[in-house]
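> To start, I am sharing the structure in question, which I have written as structure tokens.
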Amino acid sequence: MEAILSQPWLPVESTDLPSPEWPSLPADDEAELLYLIARRDLHPVFQPIIDFRVQAYIGFEGLIRGPAGSRFQFPDNLFGAARAAGLACELEHACREVTLKAFARLRLPGRLFLNVTPCCLADVRMQEGMARELLPQLGIAPGRVVIELTENQNITRVPDLQALLSIYRGMGFQIAVDDLGEGFSNLRMWSDVRPDFVKIDRYFIDGIADDRMKYHFVRAMQDLAESCSAHLVAEGIEREEDFTTLRDMGIACGQGFFIAVPEPVPSDHPRQSVMTALGRQRVSLSPVGAVGGKPPTAHTLAQYIQPVSAESDNDCVIARFEAEPDIDVLPVVKGLVPVGLITRHAIFDHLARPFWRELYGRKPCSRFMDAAPLIVDQHATVQELGLMLARAEKRYLLDGFIVTDNGAYLGVGSSHDLMALITEMQISAARYANPLTQLPGNVPINEHIDRLLEARAGFAACYADIDNFKPYNDTYGYRRGDDVIQLLGRILREMAEPRLDFVGHVGGDDFVLLFQSCDWEARCQAIVRRFAECISGLVNPEDGAQGGYLAENRKGELVFHPLPSLSIGVLRVEPGHYDSHREVAAAASVAKKQAKKQGGGTVFVERRRPAGAEAAGQYLC
């Protein structure tokens, strides 16, 4: 390993595109650059990164500005000049130092995303000076630092890069890859590095609400991220529409001017306009509980434990644990905002050391708290919580999580209670699933419709029915009939957006889709076409060639029956037009009958509003 650390870390030039060549720097500019590096005349600013699921900041990216009004004020000029002068690593080292010191001085919560070029990973000032000397001095645990790889060129000696990163991971650091989508090298970097965080290039984020191609690109990135347990961070969010679209897609985190601009002293919680955008109702598709059809949330699991102030001393914390043997954690707050968590086992582990209480008993407890606990908003669903814990560090499974209300402390939840609730919900959901397709049956369908109505969320209620199914079942047998029903169930699942659209099986050959997707009508047409394409594989070749078969009707007469087809009746449900699932089901059934009257393979959309309904604005999208 020493051989690896002693080698220069050089990016390799692409065979297709030359690497950028920086002009030589004038002597006076080089002297000015050396002067500001020596004096640390560098000014860190911090831009927050929000977690859409928990509605709170998970950390901040540290950025650098040069002296105000100078030619080096902006980072492009500053780092470009450093490369030209051969001072890139010297500048980067100075930037890391001032950024870490400012982060510690401001006592910012969560993680610090620290930009590092791969060529500086082997620098002794990075591994020794920062990791083993500066961080302990500042009281920042390595687990709170995310090394954000920013170099966009191809890298030589990939195994050596992986070996270096394994050293940092062994110390507790996490890894992020920047600007995913900017080039093929980023995808290769993702595959080679297996980062904890991946930042999507702002090109794919800007305008995603209106650009279907960008939407599908980001969806593909999301699928990749889920397969390797990486968290996606959408960079460059500047519009509320894009912010809302990314939230509804299920992207983990976001960063951009709409959320907050980089500032020397940033707020440690989102502003009201961001919280309002986060809070706009989106009905999730999680399995529902038994109480009123509402999905359990973090609020359900929150147990109020009297917090301690960040200024409280360790003697106070020890006294609390001794007086309350039933509690295993103590939340630490600054005002109303949670900033850390102290666990019983951690504090008593310190207490067991010789003279620890004499030395640190009167010191602030914030020095020994976990400054990066798992903090979730009270509205986060239990499925979102379960996914977060599954992807988080193992310590969170033991420590639990803090629950907040608009950023203010509300209570503490335990992983044990969360797992028990999820198990109970899964058992309940299985009880009401259709045994043939495993899709939700009547009870979950009705509960989900009521949830949508209560949330005043516009949606399309679609009733799908197979035409000419009974003759097919009589001719080919119930086993082949089951194959057709399972085929339709698979098609409906494939065509629905997993995070927005609900698919249910009423029974027999009747299915219900509750679309929140904007393109619900195109999806219905695609379902009908797909079913028609697939049904030919479930009939004899001669029947498929002639488009049907001879079979007895109910009167015992031999007649020609067309191949099974699909009819879908669609009811547009606007806020305030219907009061219960019964009304929606009745109206959707009427729409289905209209579809079947028009012949096989038809989508009928009921565009009339119910009598007495007032205009409620544009439906869905």
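> Once label points are set 7 Å from the Cα along Cα→Cβ at both Arg83 and Glu128, what is their separation, rounded to one decimal in nm?
2.9 nm
> Quick one: putting +1 on the C-beta of Lys and Arg, -1 on the C-beta of Asp and Glu, what dipole do you get for the range 393-546 around its Cα centre, in Debye to the nearest 20?
Computed charge dipole of the range 393-546: roughly 260 debye.
> Cut-off 20 Å, label point 7 angstrom out along Cα-to-Cβ of His216: give me the residues of the range 226-245 whose amide nitrogen falls inside.
226, 245
> Work out, step by step, the length gained on full extension between Glu583 and Leu138: first 0.36 nm times the residue separation, then minus their alpha carbon distance; give nm to one decimal.
154.0 nm
> I would also like to ask the following. Quick check: convex hull of the Cα atoms in the chain, volume per residue, rounded to a whole Å³?
Measuring per residue, one finds 201 Å³ for the Cα hull of the chain.
> Moving on to the next point. Just to verify a number: FRET efficiency for Glu240 and Glu393, C-beta to C-beta distance, R0 = 30 Å, to 0.05? Before the final figure, lay out each step's value.
Numbers: r = 33 Å, r/R0 = 1.09.
Result of the calculation: an efficiency of 0.40.
> Just round it to a whole percent: the fraction of Cα-Cα distances in the range 21-123 exceeding 15 Å.
Of all Cα-Cα pairs in the range 21-123, 64 percent lie more than 15 Å apart.
> Would you be so kind as to identify which of Leu398, Ala352, Ser415 lies farthest towards the positive end of the dipole of the range 298-422, taking Lys and Arg as +1 and Asp and Glu as -1 on Cβ and the Cα centre as origin?
Ala352
> Report the label-to-label distance for Phe348 and Gln303 in nanometres (one decimal), using points 7 Å from each Cα along the Cα→Cβ vector.
1.6 nm
> So, by mean Cβ neighbours within 10 angstrom, what's the order for 250-258, 132-140, 218-226 with the highest one leading? Please report the intermediate quantities before stating the final value.
Values: 250-258: 21.6, 132-140: 13.8, 218-226: 16.6.
Averaged packing, sorted descending, gives the order 250-258, 218-226, 132-140.
> Can you list residues whose amide H is under 5 Å from Phe52's amide H, if they're 5+ apart or on another chain and H is modeled 1.01 Å from N?
It is Cys253, Gly254, by chain and number.
> Now, a different point. Using r as the Cβ-Cβ distance of Tyr203 and Glu542, and R0 as 60 Å, what FRET efficiency do you calculate, to the nearest 0.05?
0.65
> Which value, in debye to the nearest 20, describes the size of the charge dipole of the chain about its Cα centre when Lys and Arg Cβ atoms bear +1, Asp and Glu Cβ atoms bear -1, and nothing else is charged?
Dipole of the chain, to the nearest 20 debye: 1280 debye.
> A further question on this structure: Which angle from 0 to 90°, rounded to the nearest 10, does the C-alpha axis of helix 88-106 make with the longest principal axis of the chain?
For helix 88-106, the angle is close to 80 degrees.
> Quick check on packing: order 75-82, 576-583 by the mean number of other C-beta atoms within 10 Å, highest mean leading.
The peptides rank, most packed first, as 75-82, 576-583.
> Let me ask you something else. Using only helices, what value at 222 nm comes out for the chain when you add -39,500 (n - 2.57) per DSSP H run of length 4 or more and divide by the total residues, to the nearest 500 deg cm²/dmol?
-12000 deg cm²/dmol
> Ignoring solvent entirely, what values of log10 I(q)/I(0) come out of the Debye formula for the range 413-452 at 0.14, 0.19, 0.25, 0.32 Å⁻¹ when each Cα is a single scatterer?
Log10 of I(q)/I(0), two decimals: -0.40, -0.64, -0.82, -0.96.
> Limiting things to C-alpha atoms, what are the Rg and the maximum Cα-Cα separation (Dmax) for the range 178-279, in angstroms?
Gyration radius and largest Cα-Cα distance of the range 178-279: 13.7, 40 Å.
> Report, as a whole number in µm² per second, the diffusion coefficient that Stokes-Einstein gives for the range 298-422 at 10 °C and 1.306 mPa s using the Kirkwood radius over alpha carbon pairs.
My calculation gives 107 µm²/s for D.
> Show me the three semi-axes of the equivalent ellipsoid for the range 355-456, from the C-alpha gyration tensor (sqrt of 5 times each eigenvalue), largest first, rounded to whole Å.
Three semi-axes, in Å: 40, 17, 9.
> If amide H atoms are built 1.01 Å from N in the plane of the peptide, which residues on other chains or at least 5 residues away come under 5 Å of the amide H of Val506?
Hits under the 5 Å cutoff: Phe511, Val512.
> For the range 402-555, how big is the tail of P(r) above 18 Å, as a whole percent of Cα pairs?
Tail of the P(r) past 18 Å holds 67 percent of the pairs.
> Extending each Cα 7 Å along its Cβ direction at Ser267 and Lys470, get the distance between those two points in nm, one decimal.
Distance between label points: 6.4 nm.
> Which one of Thr381, Met425, Gln127 is farthest out on the positive end of the charge dipole of the chain, using unit charges on Cβ (Lys, Arg +1; Asp, Glu -1) and the Cα centre as origin?
Selected residue: Met425.
> Which one, Val116, Gly59, Ala82, projects farthest toward the positive side of the charge dipole computed for the range 52-123 from Cβ point charges (K/R +1, D/E -1)?
Gly59
> At 0.36 nm per residue, minus the direct Cα-Cα distance, what do Asn442 and Ile427 gain on full extension? Give it in nm, one decimal, please.
The span from Asn442 to Ile427 would gain 3.8 nm if fully extended.
> Something else about it: Please list, ordered by chain and number, the residues whose modelled amide H lies under 5 Å from the amide H of Val198; skip anything fewer than 5 residues away on the same chain.
Amide H neighbours of Val198: Val177, His231, Leu232, Val233.
> Summing Lys, Arg as +1 and Asp, Glu as -1, what charge do residues with Cβ under 9 Å from the Cβ of Val177 carry, Val177 excluded?
Here the charged neighbours net out to -2.
> Give me the number: length gained by fully extending Ser166 to Ala68, i.e. 0.36 nm times residue separation minus the C-alpha to C-alpha distance, one decimal in nm.
31.5 nm
> If you plug each phi of the range 456-470 into the Karplus form 6.51 cos²θ - 1.76 cosθ + 1.60 with θ = phi - 60°, what whole-Hz ³J(HN,Hα) values come out, in order, with x for Gly and Pro?
6, 9, x, 7, 10, 8, 10, 10, 9, 9, 7, 7, 6, 7, 4
> Counting only pairs 8 or more residues apart or on different chains, how many lysine pairs in the chain have their Cα atoms under 27 Å apart?
Going through the chain pair by pair, I get 16.
> Can you run phi through the Karplus equation (6.51, -1.76, 1.60; θ = phi - 60°) for the range 542-556 and list ³J(HN,Hα) in whole Hz, with x for Gly and Pro?
Working through the residues one at a time gives 5, 5, x, 5, 9, x, x, 7, 8, 7, 6, 8, 5, 8, x Hz.
Each reported figure results from applying straightforward, stated rules to the coordinates on display, with no laboratory input. All values derive from a computational prediction rather than experimental measurement. Note that we place each Cβ from the backbone using ideal geometry, even for glycine, and neighbour counts take in every protein chain shown.
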